[in-house]
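Rule-based calculations on the coordinates, nothing more; no lab input. Please read these numbers as outputs of a predicted model, since none were measured by experiment. Don't worry about glycine lacking a Cβ; one is built from the backbone with ideal geometry, like all the others, and counts go over all protein chains shown.
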Amino acid sequence: MTLNWAELLVNPTDLQRLYATLPPLAAVTVRSVHLNHYGPTLTLRIDLPEFPRNPPPEWREAGFDHVQCHLQFLAVEHLEMSGWSPPSIADFQMERCGGHRIRLTTKSPSFTLSFEASDTLTIGHISAYQESENGADSGPRGFVGKLDSRRFNQLPDLNEKTFYERN
């Protein structure tokens, strides 16, 4: 039985302020996969499949049309990935596999990803942006988090460890 990802979030409050009901992880744009070298942690930078019906006024005024976030998995094991070509559209499936663990698998024509992890997910670095004509996620951005809002007004470079290695 496929799990509802929202029920596994340990920190859903910021997303719940944006969405009455969190969208399912179907037709999700996967922008990056980050494996943390300090431990078995995997972080996906994804675009959620729906924009909030009532976004913050500043998002509406800026013309933002996509919500992006980091979805972090801890205690990752049995990782398999092939065919990576970002950005990729994927459907996620999560199932329990015993001992407070889940198995995530993706369905995508351009890549495959599967692994087991702890059944507690963390969401972080929630932001909004306007997708460019070529599908890029660069350009101005509005962040939900106060610290991110102070530090960034666009997506940071990949070497910004405080952004890509922490939620």
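For the reader, a short list of remarks on this structure follows.
- Out of Leu147, Leu121, Leu155, Leu113, sole residue that is over 20 Å from Ala27 (Cβ atoms) and in contact with a strand residue (DSSP E or B) (Cβ under 8 Å, 6 or more places away or on another chain): Leu155
- Extreme residue, surrounded by the fewest Cβ atoms within 10 Å (Cβ to Cβ), among residues of the range 9-39 that are assigned to a loop (DSSP other than H, G, I, E, B) and in contact (Cβ under 8 Å) with a residue 40 or more places away in the chain: Tyr38
- Looking only at the range 97-110, and only at residues there that are assigned to a strand (DSSP E or B) and in contact (Cβ under 8 Å) with a residue 60 or more places away in the chain, the one that is farthest from Trp59 (Cα to Cα): Ile102
- Filtered by the rule that a residue be loosely packed, with under 14 Cβ neighbours inside 10 Å, outside any strand (DSSP E or B) and in contact with a Lys or Arg (Cβ under 7 Å, 6 or more places away or on another chain), the range 74-96 gives a lone residue, Pro86.
- In a residue-by-residue description of the range 55-66, the property of being buried (at least 16 other Cβ atoms within 10 Å of the Cβ), in contact (Cβ under 8 Å) with a residue 12 or more places away in the chain and either at positive phi or assigned to a strand (DSSP E or B) (or both) applies to at least one position.
- For Thr2, the criteria (1) buried (at least 18 other Cβ atoms within 10 Å of the Cβ); (2) touching a residue at least 60 places away in the same chain (Cβ under 8 Å) hold in every case but one, which is (1).
- Residue within the range 69-84 that is among the aromatic types (Phe, Trp, Tyr) and more than 21 Å from Thr2 (Cα to Cα) present: yes
- Counting the residues of the range 81-100 that are out of contact with any strand residue (DSSP E or B) (no Cβ under 8 Å at 6 or more places or on another chain) and closer than 13 Å to Ser32 by Cα gives 1.
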